1. Within the range 189-200, restricting attention to residues that are touching a residue at least 40 places away in the same chain (Cβ under 8 Å) and loosely packed, with under 13 Cβ neighbours inside 10 Å, which residue is nearest to the chain's Cα centre (by Cα)?
2. Name the pairs whose Cβ atoms lie under 7 Å apart, with the first residue in the range 6-29 and over 20 Å from residue 144 (Cα atoms), the second not hydrophobic (A, V, I, L, M, F, W, C), and 6 or more positions between them or separate chains?
3. Please go through the range 128-146 and pick out each residue that is touching a residue at least 40 places away in the same chain (Cβ under 8 Å), among the aliphatic types (A, V, I, L, M) and not in a loop (DSSP other than H, G, I, E, B).
4. Name the residue that is surrounded by the fewest Cβ atoms within 10 Å (Cβ to Cβ), counting only residues in the range 126-154 that are charged (D, E, K, R) and out of contact with any helix residue (DSSP H, G or I) (no Cβ under 8 Å at 6 or more places or on another chain).
5. Consider the range 155-177. How many of its residues are surrounded by 14 or more Cβ atoms within 10 Å (Cβ to Cβ) and in a helix (DSSP H, G or I)?
6. Do any residues in the range 155-183 that are free of Cβ contacts under 8 Å to residues at least 12 places away in the same chain have Cβ atoms under 6 Å from those of residues that are outside any helix (DSSP H, G or I) and of a type in the set (Asp, Glu), where the two are at least six apart or on different chains, and which pairs are they?
Amino acid sequence: MTKRKPNPDIYAVKSACLAELEALSEQGAIDVFYGDESGVSLLPNVPYAWQFADEVVTLPSERGGRLNCFALLSRCNHCFAKTTQAKVSADWVAEQIGQFSQTLCRLTVVVLDNARVHTKAVKEHLAAWEQRGLFVFFLPTYSPHLNIAEILWKKLKYEWLQPTDYLREDILHAAVRNRLEDVGKSLKIAFEPFRKTNTI
């Protein structure tokens, strides 16, 4: 399967715009948060493992227990995160962004990908958010590498959650909520400064 790539002209323009937003954020003129959602279930994520030749390593695994998460994350590890066991819908995403918009200290830009739940939520609620100082910037299509919230999910699933967190649904859900609550406190991601790139 061929990996899809964004339109190079649109990518160049959007990358330049994002660089300007990041520069304003570094100057303290605005805040920039990246938004995305993901899910965790009782099927553990195991990217690799090490063991002796005669050793058997197992993890409990079963279907179900899914917890959906939505987060808004800045490069300085300010994190607004919410979870639900229900299906992620445009209305639910809009509700979370709406709650976030009531906490702002200055003009804030939320960076989102083009998922349908995002575009639908923004279309129906953007005017109200902008009155509170929250604006939305959509990334170019097929550009997940520009969204730092993707790194949050990678850290959560492959580093912060432990094998014992997958023993039961209630344990897993509590662990996920606790880890997300700890982002910016005991858990921090060392993000590099944004660097504009006109090439894909």
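What follows is calculated from the coordinates using simple rules that are stated; it is not laboratory data. Since we're looking at a predicted model, the values are computed, not measured. Cβ placement follows ideal geometry from the backbone for every residue including glycine, while neighbour counts extend to all protein chains displayed.
1. We begin by selecting, within the range 189-200, every residue touching a residue at least 40 places away in the same chain (Cβ under 8 Å); these are 189, 191, 193-200.
From what's left, loosely packed, with under 13 Cβ neighbours inside 10 Å: 193, 195, 198-199.
Working: 193: 17, 195: 19, 198: 23, 199: 23 Å.
The extreme case among them is 193.
2. The qualifying pairs are 25/31.
3. 146
4. Applying the first criterion (charged (D, E, K, R)) to the range 126-154 yields 130, 132, 150, 154.
Remaining after also requiring out of contact with any helix residue (DSSP H, G or I) (no Cβ under 8 Å at 6 or more places or on another chain): 130, 154.
On the way: 130: 13, 154: 15.
Applying the filter and picking the extreme gives 130.
5. Count: 13.
6. Sorted first by the residue in the range 155-183, then by its partner, the list stays empty.
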